[in-house]
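S.K.: This structure is in structure tokens; I'll ask about it shortly.
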Amino acid sequence: MEIALIGNPNTGKTSLFNNLTGSYEYVGNWSGVTVEKKVGVFKNNIGHLIDLPGVYTLNPLSRDEGVVTSFFLNESVDRLLNILDASQLERNLNLTLQLLEYERPVLIGLNMIDVANKRGIQIDVSKFSSLLGVPVVPVVARSGKGCDKLVDVISTKSVEPAKKNLVYYGKEVEAAIISLSKEIEGKTEQSLRFLAIQYFEGNEQVKNYLHTITDSVTLSKIHSALEAELQNRYNSKSLSNFIYLKRKETIDKIVAEAAVKKSTVVPLSEKIDMIVTNKFLGIPIFLMFMYLLFMLTFDWVGTPLSDALDALLTGPVTGFFESALTTIHASAFIHALIIEGLVAGVGGVLVFVPQIFILFFFISLLEDSGYMARVALVMDRIMESVGLNGKAFIPMIIGFGCNVPGIMAARTIETPKERLLTILLTPLMSCSARLPVYALFVGAFFAGHRALIVLSLYVLGIVVALILAKIFSSTILKSETSLFVIELPPYRMPQFQSLWRSTWDKAKGFIRKAGTFIFAGSVFIWLLSYAGPGGLDVDMDHSFLAMIGGVIAPLLAPIGFGTWQAAASLITGFLAKESIIATMNIIYFVPNDSSLQGLLANYYTPLAAYSFMVFILLYIPCLATTATIYKETGSKKWTVFSVVYALFIAYVLSLIIYQGGKLFGLV
Amino acid sequence: MFTSFKAGEKGKIVDLSHVNHLVQRRLLDLGITEGTEVCVKCVMPFGGPIMIESCGQCIGIRRKEAVQMEVVKV
Ligand SMILES: Nc1nc2c(ncn2[C@@H]2O[C@H](COP(=O)(O)OP(=O)(O)OP(=O)(O)O)[C@@H](O)[C@H]2O)c(=O)[nH]1
Ligand SMILES: [Mg+2]
């Protein structure tokens, strides 16, 4: 059995999905968290559950909404599980009525009962169910309350809608529905009434679908005749508005009968909003939040933890491997491979896990609390001035964790040009994989101002993105329309457990990558550094790695780090940014206790170190990001562009910083 | 007109027809149409967006779109 979850954005569909299937998909308190179809298996194995992006109607505006409509037209499911936000019934029912017209078995999960109760809304569930003619189960997806009952109902009850044609659209529209149905009868498996109404509403995807099965001229004749008639008789604005109003009548009737609203209490949410979206405090509060994040990650908590982990790895763990290798009489080759390749490479990356955790914890906090949409609101003015809109800031913030989901999140941006622009610029956001490089270099060169220096890099990424947005949007990506309407969800107190889970889920990716990709990469890099034209176990300066790096090194000299070592690590950084650190640990391997940090001072000046960090920040989207850009834009041209412009900007900025710094007497 | 509203003031929407087509669609999705009562929650500085509330739902819209909405105070 296949069951699809469908409902308005931010109503808790994914929370319920996770609860019913035991998986962990991305949950967050803003609209547009889920942007693609996800499939899971029910815990008790009764079938597949499909999670979809949230939509307000079946008539899509943005790419993520299009996913739902095309799912509806092209795939078949056995049942629809419609999730409603009980505290926003009127708005949610608009979609429900459309689903009922689709004439597939529907079942309603009435979510957020707790929120509704707090607002003084009481819903008579059995009344509600009989009015709609489908089963309704109250649930609290966050805590799992009512989920068992829901599964029961899904797997047992017949959910054939009891009432057909819940909305009566008036005799003119009904007559037109019949004549349009005649045109397409027998040519499609979908509900004819559903297709007709969607067509009248101006649903582009349905229109295209109908044009493939029947003559478009006849259809548009019916459409315009109906519109003219309504215009004459009722002075209606447009056909779609007329349909909307008819639905609204029905909805108001249902809500009046099934729900009572008692006294209104001012939610805490609005009090918090007075502060965080305050006229003057909005942006400073956001910057404060960022600063706090970096202080915790790089100064107060993260660095001490990483140092402790580092001591553990270089001391006892390496010691353990050493003695184990000696006991089994491993050959010198194996010994070097494990100690100088794997332990140095993989270990060098794992050391940064505490910092990664703190970073992800903060991002999860941002996502779960409801602050995310507020940041978008606060930033809109700035974003508008560079030809983007506030919503584009959400993919960028997510990009701080990892650029790949950031780019995916751009799907919620309605206008194609703004979406493309956001996709192109999100890689400039400093993702968590770049963080180890900063941690290493600020530790070695800027120990006194760790947080400040790192903050400057993140801000630089944002500023460069904004400037480029301005340039691109006034040259190659001119767009006339810009749309910004954003839903601001109520604040929700993040629960520790869900915060922990989403932090873990993100950080897990980092650890997994260290165990697989970086592991294999470390072996490969080490081999390249171990072998050379002169055979095996050559001096590293005569290894293959040095030869490869040496080709590019001269190009890097003007920006402060023209060594083959830097060049080699930058090349591996394209595969995954973490491998920059893994490579450096292998290249600069020191058998004794003196750390990589201390050693770096021989190869970089502080100015060159800063220039290096800026270069790492901007120089190229990693392989996974590049693949995602290609997938999302569907264009080779834009994918190549995203790589080339980044290289160019990185080089120019590093050049300015390094040469400019030298002019001012910095070293 | 919304721009003459101060934070906390309530109004009723009379006409949306001059607002950008896509914005109208989105507002409709969120249940805001002619006849809806809304309350201005806060106004961002430097011509930034404004935040309005209707039926317990807060929404951010741009100032230039808000200007085109016809609203009467209630
Ligand atoms: N209080 C309360 N909060 C809930 C409930 N269900 C979900 N939430 C919260 O609501 C927010 C949205 O949940 P999601 O599951 O991401 O919503 P969604 O419908 O998948 O959202 P989109 O993917 O954006 O369409 C999260 O912050 C959840 O923790 C509930 O029953 N009660
Ligand atoms: Mg979701």
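S.K.: Identify, please: which residue in region A:392-446 is within 14 Å of another protein chain (Cβ to nearest Cβ) and basic (Lys, Arg) and is, among those, nearest to the chain's Cα centre (by Cα)?
M.R.: A:Arg419
S.K.: Which residue, of A:Val55, A:Val35, A:Val41, is out of contact with any Cys (no Cβ under 7 Å at 6 or more places or on another chain), away from every other protein chain (no Cβ under 14 Å), of a type in the set (A, V, I, L, M, F, W, C) and within 12 Å of ligand 1 (Cβ to nearest atom)?
M.R.: It is A:Val35.
S.K.: Residue check, A:Ala330 against (1) open to solvent by 20 Å² or more (accessible area, probe 1.4 Å); (2) assigned to a helix (DSSP H, G or I), all met but one. Which one?
M.R.: Checking A:Ala330 against (1) open to solvent by 20 Å² or more (accessible area, probe 1.4 Å); (2) assigned to a helix (DSSP H, G or I), the one that fails is (2).
S.K.: Are any residues in region A:1-32 within 14 Å of another protein chain (Cβ to nearest Cβ) and either more than 7 Å from ligand 1 (Cβ to nearest atom) or part of a loop (DSSP other than H, G, I, E, B) (or both), and if so, which ones?
M.R.: A:Asn8, A:Pro9, A:Asn10, A:Thr11, A:Asn29, A:Trp30, A:Ser31, A:Gly32
S.K.: So which residues in region A:497-538 are aliphatic (A, V, I, L, M) and either in contact with a strand residue (DSSP E or B) (Cβ under 8 Å, 6 or more places away or on another chain) or over 28 Å from A:Ala332 (Cα atoms) (or both), if there are any at all?
M.R.: A:Leu499, A:Ala507, A:Ile511, A:Val538
S.K.: List the strands (runs of 3 or more DSSP E) inside chain B, counting only whole elements, that have at least 3 residues being touching an Asp or Glu at 6+ places or on another chain (Cβ under 9 Å) and crowded, with 20+ Cβ neighbours inside 10 Å.
M.R.: Per the criteria, B:37-43, B:57-61.
S.K.: Pairs only if they're at least six apart or on different chains, beta carbon under 6 angstrom, first in region A:571-582 and outside any helix (DSSP H, G or I), second among the basic types (Lys, Arg); list them, first residue then second.
M.R.: A:Lys577/A:Arg434
S.K.: Would you tally the residues in region A:612-624 being buried (at least 24 other Cβ atoms within 10 Å of the Cβ) and not hydrophobic (A, V, I, L, M, F, W, C)?
M.R.: Of the residues in region A:612-624, 1 are buried (at least 24 other Cβ atoms within 10 Å of the Cβ) and not hydrophobic (A, V, I, L, M, F, W, C).
S.K.: Would you confirm whether any residue within region B:18-39 is of a type in the set (D, E, K, R), facing chain A (nearest Cβ under 7 Å) and touching a residue at least 24 places away in the same chain (Cβ under 8 Å)?
M.R.: no
S.K.: Right, next: So the check is Cβ under 8 Å with 6+ separation or different chains; which pairs have a first residue in region A:75-92 that's in contact (Cβ under 8 Å) with a residue 24 or more places away in the chain and a second one that's open to solvent by less than 10 Å² (accessible area, probe 1.4 Å) and among the aromatic types (Phe, Trp, Tyr)?
M.R.: Matching pairs, first to second residue: A:Leu80/A:Tyr102.
S.K.: For region A:463-519, name all the residues that are assigned to a helix (DSSP H, G or I), exposed (fewer than 13 other Cβ atoms within 10 Å of the Cβ) and among the polar types (S, T, N, Q).
M.R.: Scanning region A:463-519 gives A:Ser474, A:Gln497.
S.K.: Continuing with the same structure: Just checking, which of A:Ser635, A:Ser595 is surrounded by fewer than 19 Cβ atoms within 10 Å (Cβ to Cβ) and more than 23 Å from the chain's Cα centre (by Cα)?
M.R.: Checking each option against the conditions leaves just A:Ser595.
S.K.: Output the number of residues of region A:599-623 satisfying the condition of being within 18 Å of A:Ser569 (Cβ to Cβ) and assigned to a helix (DSSP H, G or I).
M.R.: The qualifying residues number 14.
S.K.: Looking only at residues that are open to solvent by 80 Å² or more (accessible area, probe 1.4 Å) and in a strand (DSSP E or B) in region A:216-262, which one is farthest from A:Lys182 (Cα to Cα)?
M.R.: Once the filter is applied, the top-ranked residue is A:Lys261.
S.K.: For region B:44-74, give me each residue that is closer than 25 Å to A:Ile283 by Cα, more than 10 Å from the chain's Cα centre (by Cα) and more than 7 Å from every other protein chain (Cβ to nearest Cβ).
M.R.: Once the filter is applied, which keeps residues that are closer than 25 Å to A:Ile283 by Cα, more than 10 Å from the chain's Cα centre (by Cα) and more than 7 Å from every other protein chain (Cβ to nearest Cβ), region B:44-74 yields only B:Lys64.
S.K.: Something else now. Considering region A:333-345 alone, what residues qualify as being in contact (Cβ under 8 Å) with a residue 40 or more places away in the chain and open to solvent by 20 Å² or more (accessible area, probe 1.4 Å)?
M.R.: Passing the criteria: A:Phe333, A:Leu337, A:Glu340, A:Leu342.
S.K.: Being in contact with a Leu (Cβ under 7 Å, 6 or more places away or on another chain) and over 22 Å from A:Ala567 (Cβ atoms) is the filter here, so list the residues in region A:601-637 that pass it.
M.R.: A:Thr633
S.K.: Within region A:359-391, how many residues are open to solvent by less than 10 Å² (accessible area, probe 1.4 Å), over 22 Å from A:Thr14 (Cα atoms) and away from chain B (no Cβ under 13 Å)?
M.R.: 1
S.K.: When the residues of region A:1-55 are narrowed to those that are of a type in the set (Lys, Arg) and within 10 Å of ligand 2 (Cβ to nearest atom), which ends up most open to solvent (accessible area, probe 1.4 Å)?
M.R.: Restricting to residues being of a type in the set (Lys, Arg) and within 10 Å of ligand 2 (Cβ to nearest atom), the top hit is A:Lys38.
The values are calculated or read from the model by the stated rules, or taken from the named source; none is laboratory data. Since we're looking at a predicted model, the values are computed, not measured. Methodologically, a virtual Cβ is constructed for each residue, glycine included, from the backbone with ideal geometry; neighbour enumeration extends over all protein chains shown. Please note that ligands, DNA and RNA were not included when accessible areas were found on the heavy atoms of the full protein model with its side chains. Shrake-Rupley method; radii C 1.70, N 1.55, O 1.52, S 1.80 Å.
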